[in-house]
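The structure appears right after this line, and notes come after that.
The values are calculated or read from the model by the stated rules, or taken from the named source; none is laboratory data. From a predicted model like this one, the values you see are computed outputs, not experimental measurements. Reconstructed Cβ throughout: ideal geometry from the backbone, glycine too, with neighbour counts over all protein chains shown.
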Amino acid sequence: MDFSSLTLHEALRLLEDGTTTSVALTQAVFSRIGAVEDRIKAYLAHNEELALQGAEQADALRAQGQGGPLCGIPLAVKDLLCTSDFPTTCGSRMLERFTPPYNATVVEKLHQAGVVITGKLAMDEFAMGSTNENCAFAVPENPWKAGYIAGGSSGGSAAAVAADECFGALGSDTGGSIRQPASLCGVVGMKPTYGRVSRYGLVAFASSLDQVGPLSKDVRDCALMMEAIAGYDPRDSTSINRPVPVYSQVLERGVRGLRIGVPTEYFGQGLDPEVETAVRRGIELLEQAGAEIVEVSLPHTQYCVAVYYLIAPAEASSNLARYDGVRYGFRAAGTDGLQEMYNRSRSQGFGDEVKRRILIGTYALSAGYYDAYYKKASQVRTLIKQDFETVFRQCDLIASPVTPTPAWPIGEKSDDPLSLYLSDILTLSANLAGIPGMSVPCGFTSAGLPVGMQLQAAHFNEEVLFQAGASLEQQLGIAAKKPVIGGV
Amino acid sequence: MKITPEEVERVAALARLQLDGPEVERMTRQLDTILSYVAKLDEIDTQGVEVTTHTQQVVNAFREDEVQPSLQPEQALANAPEDNGASFSVPRIIR
């Protein structure tokens, strides 16, 4: 059998009962990478030799009855998580030759859990983008349809999981960057509550919005990965010190007694009819399973794109000031003096979208404009957050689409930044409010493109997302459906 | 117009970015579209509304003032575009 098509928890069971080894799983993953990677282009770097060394160690530990809860499982991580074993490029020329001297906390946690890291996954430059077309090195393609976007910014993570090039992956989500590609590629993705997972070693884009989270083949895998990465980290002063629930224990609880809110504003103009049909059907299934469905309102939804595209660029312009060509990163050659070295290194090292956001952010923070833009956006952010506080007094979680449309052809919207920003409208609010959100596959369009359902809950209430996600997945029975990639 | 080419050049200089002529023209057009769009926030009366800069109420996260393990100098310099073995090297600043 081809082990690469197993879910993480199925592979784990085979390891536990001695049917297979981590070495065999790792070989299967690299064999799969060899077969499909030319078409998918999900990885920016992978290292079979290193992975097999890790797999041998994992097998040895398991033979002694030791090893962590994910001992021997091959996973991959988005290329903005610092790894001392691999370069960490953030999809940017700026960091093309950067190998961090330390591991991100989540990478350390994966190591402690016994995970074998296969490689680093493609992404939009510094996580800025919704299509992965902003990656300086490779544009991953949707496993379900050649020439279509995988989504972004964690497009490589979603494509690799959907194409069985790893058993699961870590991504990051600043405005939808886990949930949107997960939806477009038909995998599960979770953006945890802000503060649930450490950001230490996650290369910063917008620090008040960024969270690391899993992309996985099914909801159980997502729960197991969250158990491995969540938790307080003294090295991230915004991480929250509270116990991590055993998420995999709530999967069988079902949705009976849960109130699920359906926000009117998320089913508005611009929503693709096939996406709407799939999501509404998913909501009906949750109702049939015992949930109570209530209509709710998030009146400030229409402002979230404007708020986000001021706050995120403002934070980015500040965070990305560190790339000055001095301590690490790209330095332009043959410059005359320090100022020119700064200017030319940054101008040559950053791509278009990153420059655009640095300019918007710098403008919004600059003297004379701060009150009109940054302060105003931060006030409306409060109103968006209050919308959710009101709604979560009426229901336990919210169900909606993740994206207004399914995946589209590469190149179709690349010259129109605003229309791309507008396609993020359904995912941005969760980051602005700091709440958890999950994307769960809920069907396909007539063209065979995946559609996801977004579930959102109050701060630190990931458990109800796992309950509802598992219930939906079980009723739909589509988690095992696989894309056909180049005949293999 | 929400933003002029001169303003884009001024902002680029603040951000230590050097844009050529066509880039200034394109960025001006795109930023103008984006800034015109975000002006819809003016529809909302935010008088008296507090700002949200973080979604969790974290009070200062202090630790004891004790030395912690840290990077060795050679590790810190390993990614430097230019160094002299003990510190980072930059182009001449004072002439």
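Couple of notes before you dig in:
- Qualifying residue in segment B:50-62 (condition: part of a helix (DSSP H, G or I) and either modelled with pLDDT of 95 or more or under 28 Å from A:PHE350 (Cβ atoms) (or both)): no
- Scanning segment A:323-359 for residues that are part of a helix (DSSP H, G or I), surrounded by fewer than 21 Cβ atoms within 10 Å (Cβ to Cβ) and aliphatic (A, V, I, L, M) turns up just one, A:LEU338.
- Condition broken by B:GLU74, with the remaining ones in (1) surrounded by 14 or more Cβ atoms within 10 Å (Cβ to Cβ); (2) acidic (Asp, Glu); (3) facing chain A (nearest Cβ under 10 Å) satisfied: (1)
- None of A:LEU285, A:LEU320 is in a helix (DSSP H, G or I) and within 9 Å of chain B (Cβ to nearest Cβ) except A:LEU320.
- Listed by first and then second residue, the pairs with beta-carbon distance under 8 Å, at least 6 apart or on different chains, first residue in segment B:23-40 and more than 8 Å from chain A (Cβ to nearest Cβ), second loosely packed, with under 14 Cβ neighbours inside 10 Å and among the aliphatic types (A, V, I, L, M), are B:ASP32/B:MET1.
- Where strands (runs of 3 or more DSSP E) sit wholly within segment A:392-488, those with at least 3 residues that are within 18 Å of the chain's Cα centre (by Cα) occupy A:437-444, A:450-457.
- Per-region count, segment B:43-69, residues within 26 Å of the chain's Cα centre (by Cα) and more than 8 Å from chain A (Cβ to nearest Cβ): 4
- Number of positions in segment A:316-345 that are touching a residue at least 24 places away in the same chain (Cβ under 8 Å) and of a type outside the set (S, T, N, Q): 7
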